[in-house]
Amino acid sequence: MAAIELKVPDIGGSAAVIEFLVKEGDTVAANQGLLTLESDKATMEVPASAGGVLTQWKVKLGDTLSEGDVIALLESAPIQTVGAPLAAPSAAAPVNVAAVQTVAAAPLQPAPVSAGDADHRCQLVVIGSGPGGYTAAFRAADLGMDVILVERYAELGGVCLNVGCIPSKALLHAANVIEEARHAADYGIAFGEAKIDLDKLRAHKEKTVGTLNKGIAGMAKQRKVRTLTGTAEFASANRLSVNTAQGVETVDFAQCIIAAGSQPVKLPAFPWDDPRVMDSTGALMLKDVPKRLLVVGGGIIGLEMACLYSALGSAVTVVEFMDQLMPGADPDLVKPLQALLKKRGVAIHTSCKVAKVTAGKKALSAEFEGASVPSGTDYDRVLVSVGRSPNGGKLKAENAGVQVSERGFIAVDKQMRTNVPHIFAIGDLVGQPMLAHKATHEAKVAAEVAAGHKREWVARVIPSVAYTDPEIAWVGLTETEAKAKGIAYELGKFPWAASGRAIGIGRTEGFTKLLFDPATHRVIGGGIVGAHAGDLIAEIALAIEMGCEAGDIGHTIHPHPTLSETVAMAAEVFDGSITDLYVPKKK
């Protein structure tokens, strides 16, 4: 193999070496960052002009370099990539990096892959086509990379689009319509009891999913992203083996982004060979409306399905092992939901454990333990929704040298790199929270770094939303977390009973609250419970990202009458300028 001199590109002057990003012996991809330079005006990353094994550094920390200086020697590798050119240097600025685990790059030296012996070759392969996977593939393609997207299912979109976020929201919308129709008589409009046509309801769900499937497939074609249907496993650090319907096909790659997601946890105390025992995927199939449904797990997914099946006519019982529903959310946010569910006939038992479920001919019989147990034991269906486990352990990642934890998580640094520098990981399998919108942002970071750009994970906060009825959403610091960690905060809370819009739509059970830093008056957290809370929480997330103070929100003119103005009114409650409530002045 030929030795290549890696040189400094045009950096507009001279700059000092402040950091090495790889070590001698590492395999690097074209456009992968090698070292960081710093001048009096900016910091910048110098990428490799070709792919191969870095055999020798020609510079040391503190050296001052300029255009044309040799920085390292590279032994060329068969696989080359052509990514985006080096981005213009940007002014250095402090970065607030979210809590991600940092891993050291291991000096992995994969065996070279001979040209022509693989079924497919690409600059970047992405494993998994969920929101994180297809976003990574599309962003990389937009930056000029040759991309292959591997998906184990027939349709693109992953769990979220096919059997998760999207179909559940389509069905929950139908459930909300049923509940609204039931209460329309309160203001003089009577529809009568809803008649459920399960075939049409399933068709509505499938049409929603299909529309998005076609959209993603079309965008992949427009971007010339090649797709491969099958289950991927690592054969080496630069090769995948994909088990397809036609047999095993190999993919040689220069860089890889793992976006393989997660799957529902299956507890051993349940007879999973009985089709009446469901996980979230099975619940969304909507095969029937059981007369009696037991929901094991009172988290977001369990409560969303409780709302759905209750609206369709099931007698629903929810059991939660912890002492409150939706652990992680503040109790005051959950309280209005819990009260409304009970009013609708949903039985709720916290501090309760399902010890065992036995399958009988006529019913599933459950045995309970805990402080509050259901009176009945027989159910027509049981939904188990106690969390999800990452798929990191299903890829034979050890063949590529990628470190995977016992639980299946893959540690990454702030650029989404694993311990193997040219292999990235994003989404559910890099850690909590397991949310699609987190994965999409991680995906863009990984794709842009793979294409040679200087990027890192900089999100301060990640919002959470439960699409229950009423919806619950929160972002940033919670009151529960603040109290547990001894973090000082002050609160502004606006009840929707004083909102003209909430009164007009008959949804006064909600409220909006904001948490503020007492010293700076900056927003550090917030929560909303009520109709469309998930659509409203983004303003609070933006306020935290922007470092907004109470006055910034309160002085921003919000349209009236809207639910969005409750955010501004919560800020006004905090700073004492509220006129839509009477709040006695503090003595």
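The values are calculated or read from the model by the stated rules, or taken from the named source; none is laboratory data. Remember, it's a predicted structure, so these values are computed and weren't measured experimentally. Glycine gets a Cβ as well: all are built from the backbone with ideal geometry, and neighbour counts include every protein chain shown. Heads up: the accessible areas ignore ligands, DNA and RNA and are worked out on the full protein's heavy atoms, side chains in. Shrake-Rupley method; radii C 1.70, N 1.55, O 1.52, S 1.80 Å.
Remarks
- Some residue of the stretch 260-269 being over 21 Å from I166 (Cα atoms), at pLDDT 95 or above and among the charged types (D, E, K, R): no
- Qualifying position, being at pLDDT below 85 and not polar (S, T, N, Q), among A99, A118, A72: A99
- The set of residues in the stretch 512-544 being in a strand (DSSP E or B), open to solvent by less than 10 Å² (accessible area, probe 1.4 Å) and in contact with a strand residue (DSSP E or B) (Cβ under 6 Å, 6 or more places away or on another chain) consists of T512, K513, L514, L515, F516, V523, G525, G526, G527, I528, V529.
- Flag if G51 is at pLDDT below 85, open to solvent by less than 30 Å² (accessible area, probe 1.4 Å) and not polar (S, T, N, Q): yes
- For the stretch 418-440, taking the residues that are surrounded by fewer than 23 Cβ atoms within 10 Å (Cβ to Cβ) and more than 13 Å from G392 (Cβ to Cβ), the one that is modelled with the highest pLDDT is identified as T440.
- Qualifying residue in the stretch 208-216 (condition: β-branched (V, I, T) and without any contact (Cβ under 8 Å) to a residue 40 or more places away in the chain): yes
- Just one of the listed residues (I189, I166) is open to solvent by 20 Å² or more (accessible area, probe 1.4 Å), among the β-branched types (V, I, T), in a loop (DSSP other than H, G, I, E, B) and out of contact with any Phe, Trp or Tyr (no Cβ under 6 Å at 6 or more places or on another chain), namely I189.
- When the stretch 441-487 is filtered for residues that are open to solvent by 50 Å² or more (accessible area, probe 1.4 Å), in contact with a strand residue (DSSP E or B) (Cβ under 9 Å, 6 or more places away or on another chain) and not β-branched (V, I, T), the ones remaining, listed by number, are K454, R460, E481.
- Evaluation of I18 against (1) in a loop (DSSP other than H, G, I, E, B); (2) open to solvent by 70 Å² or more (accessible area, probe 1.4 Å); (3) modelled with pLDDT of 80 or more (one fails), failing number: (1)
- Residue within the stretch 133-145 that is charged (D, E, K, R), at pLDDT below 95, farther than 17 Å from A311 by Cα and surrounded by fewer than 17 Cβ atoms within 10 Å (Cβ to Cβ) present: no
- Scanning the stretch 148-161 for residues that are open to solvent by less than 60 Å² (accessible area, probe 1.4 Å) and out of contact with any Leu (no Cβ under 9 Å at 6 or more places or on another chain) yields G158, V159, C160.
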